[in-house]
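Peer 1: My structure is below; once you've seen it, I'll send some questions.
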């Protein structure tokens, strides 16, 4: 029996475990990346481990999230990260050089290599055949130190693409179509492998859009083969020597196969407030639009931007619409300027923002009150834009331009002839904004620079025999890490200051949560299905840890968030009977008894003292995870060993 592409890469990097779906495996990691919203904490954790130099083939620290410097906090974090990178063997991508996933694809990604990043959209690297996965910052720190990355061996889903996209239908529409088919939970426990004759019609930037959006399926990662399309991209980047041909075996067996005929797709749009709330653009034609944002790690490549410029050339955006354009990297921005396309974008009335994540994480350019914002981004979670009642829709760059020109949601196929964009045979190469680390023999001379906003990792303690705690908060299905630990311009600067950050925890759901959790001393949170979907931000576990959360009980968890809870020493337990969710009420006193014994047996008993009832909870952990929980989290576990 043949192997899938992902299975081949996993086999070459397997450190421990067997490739049996549902069992834990350990992988050797070749590359890591961090960004500044998660990087400061990751590097504080790495320093705590006491390792002098990273052990990976390549580790890169990107500054792309907290670039809005309204105070000293972000600048101090950037200075700290730069000094740590220089001392410990990490490359440093300066502010303005671009979004981590776009730059990594351009300058560092290598087919067949493993990559984990402290950002959930790290699977973008699958566009060139990498096994690239999002992870918590602590997992990334461990990998930088030479440790293995542990995951549950995924099942394999094959998506067969046939046909060819018609004019004005894009890779973003392919992403929205698979979300419509599978939902935001449909990829959980799976790797999505893209194949079929249709992939030959997709460029690397288009493939990267699809693998980027695979994160929204809850998938472990997504991956395309490495073929002549990949070779052409790497050659244009001056990195043809990094090319390795990779594909699945012809007789590879998949757990699930999905067929999509590209020629049948229409322009699609994801409605508020979930990426899988997908309908055709045509069905919403005429809906008033207030704002349009083009960019993010999903659609900010040169390919995307040249299409935008061509559609805007000689035209003016509707006076009622505010349009922002964020190129994905300095390379993209410079090439746009050199060919004159940037002038076309500016002449149309767009505001060109920095090469950074920007509006995607609520870092500026929030919509007006109750405003309708069409964005080429990957997430439209409630409140993520920075406007609590903003209505965010996810679209392709073509659909975004159509709305900017008309002032209403407009099917882009009505715009006339679709401009053709050719990828360049050679990109402009200028890596002056990527700073190499100090040589090994000079590293001791490098001083680590810390600002006053940078606080230590929150303290943990070994697992208690019994826990008595108040059920402080009960929430529903699809609670995202944006619900748990919001982003945005007002909050992100405090990612390195857990005590201050804690006052915003669960602010989208219940602004009184931090105060009540502190008053309770020990607390439990109860959630529905797919709890913790979205960003890989470990702050969604570290802040609850600081506030005294001992356990989170849910119907099911998103992969990365469950791992982050374990890493923080918080118990992620699931209901044996989902109906028991309805029996628990906020304010009840809950008792978890003889926890260590329960972990070993796979079932922990919960006694609701207030309601006088017992509930069985599933404790589905590996032996390693149990030891991590007993020690009080991954950092303590690693230091103890």
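The values are calculated or read from the model by the stated rules, or taken from the named source; none is laboratory data. Here the structure is a predicted model, which means the values were calculated and not measured. Heads up, the Cβs are rebuilt from the backbone with ideal geometry, glycines too, and the neighbour counts pull from every protein chain shown.
Peer 1: Tell me, which residue of the stretch 573-622 that is surrounded by 19 or more Cβ atoms within 10 Å (Cβ to Cβ) and over 16 Å from residue 526 (Cα atoms) is nearest to the chain's Cα centre (by Cα)?
Peer 2: So the residue we want is 621.
Peer 1: All but one of (1) surrounded by 16 or more Cβ atoms within 10 Å (Cβ to Cβ); (2) on the phi > 0 side of the Ramachandran plot hold for residue 416, so report the exception by its number.
Peer 2: (1)
Peer 1: Let me ask another. Could you tell me which numbered condition residue 320 fails, if it satisfies all but one of (1) closer than 15 Å to residue 376 by Cα; (2) out of contact with any helix residue (DSSP H, G or I) (no Cβ under 8 Å at 6 or more places or on another chain)?
Peer 2: (1)
Peer 1: Still on this structure, please answer the following. Can we say residue 192 is buried (at least 24 other Cβ atoms within 10 Å of the Cβ), modelled with pLDDT of 95 or more and in a helix (DSSP H, G or I)? It would help to see each step written out before you state the result.
Peer 2: On the way: buried (at least 24 other Cβ atoms within 10 Å of the Cβ): yes; modelled with pLDDT of 95 or more: yes; in a helix (DSSP H, G or I): no.
Criteria not met by residue 192.
Peer 1: Sticking with this structure for a sec: Scan the stretch 155-188 residue by residue and report those that are in contact with a strand residue (DSSP E or B) (Cβ under 6 Å, 6 or more places away or on another chain), assigned to a loop (DSSP other than H, G, I, E, B) and surrounded by fewer than 20 Cβ atoms within 10 Å (Cβ to Cβ).
Peer 2: 163
Peer 1: Within the stretch 248-275, how many residues turn out to be within 16 Å of residue 8 (Cβ to Cβ) and touching a helix residue (DSSP H, G or I) at 6+ places or on another chain (Cβ under 6 Å)?
Peer 2: Summing the residues that are within 16 Å of residue 8 (Cβ to Cβ) and touching a helix residue (DSSP H, G or I) at 6+ places or on another chain (Cβ under 6 Å) in the stretch 248-275 gives 1.
Peer 1: Now for a different question. Does any residue of the stretch 391-405 turn out to be crowded, with 23+ Cβ neighbours inside 10 Å, under 28 Å from the mean Cα position of the chain (by Cα) and in a loop (DSSP other than H, G, I, E, B)? If you could, list the steps in order and put the result at the bottom.
Peer 2: Here is the first cut: in the stretch 391-405, the residues crowded, with 23+ Cβ neighbours inside 10 Å are 392-404.
Of the ones still in play, those that are also under 28 Å from the mean Cα position of the chain (by Cα) are 392-404.
Adding the requirement that they be in a loop (DSSP other than H, G, I, E, B) leaves 395-396.
Yes, the stretch 391-405 has at least one match.
Peer 1: If only one of 216, 240 is in the same structural domain as residue 123 (by TED's automatic domain parsing), within 26 Å of residue 370 (Cα to Cα) and modelled with pLDDT of 95 or more, which one is it?
Peer 2: Every option except 216 fails the conditions.
Peer 1: Restricting attention to the stretch 214-234, which residues are in contact (Cβ under 8 Å) with a residue 12 or more places away in the chain and in a helix (DSSP H, G or I)?
Peer 2: Listed by number, the residues that qualify are 214, 215, 216, 217, 229, 230, 231, 232, 233, 234.
Peer 1: In addition: Would you say residue 440 is under 23 Å from the mean Cα position of the chain (by Cα) and either free of Cβ contacts under 8 Å to residues at least 12 places away in the same chain or not assigned by TED's automatic domain parsing to the domain that holds residue 234 (or both)?
Peer 2: So residue 440 fails the test.
Peer 1: Follow-up. Taking the stated definitions as given, is residue 147 in a loop (DSSP other than H, G, I, E, B) and closer than 18 Å to residue 114 by Cβ?
Peer 2: Taking the combined requirement at face value, the residue satisfies it.
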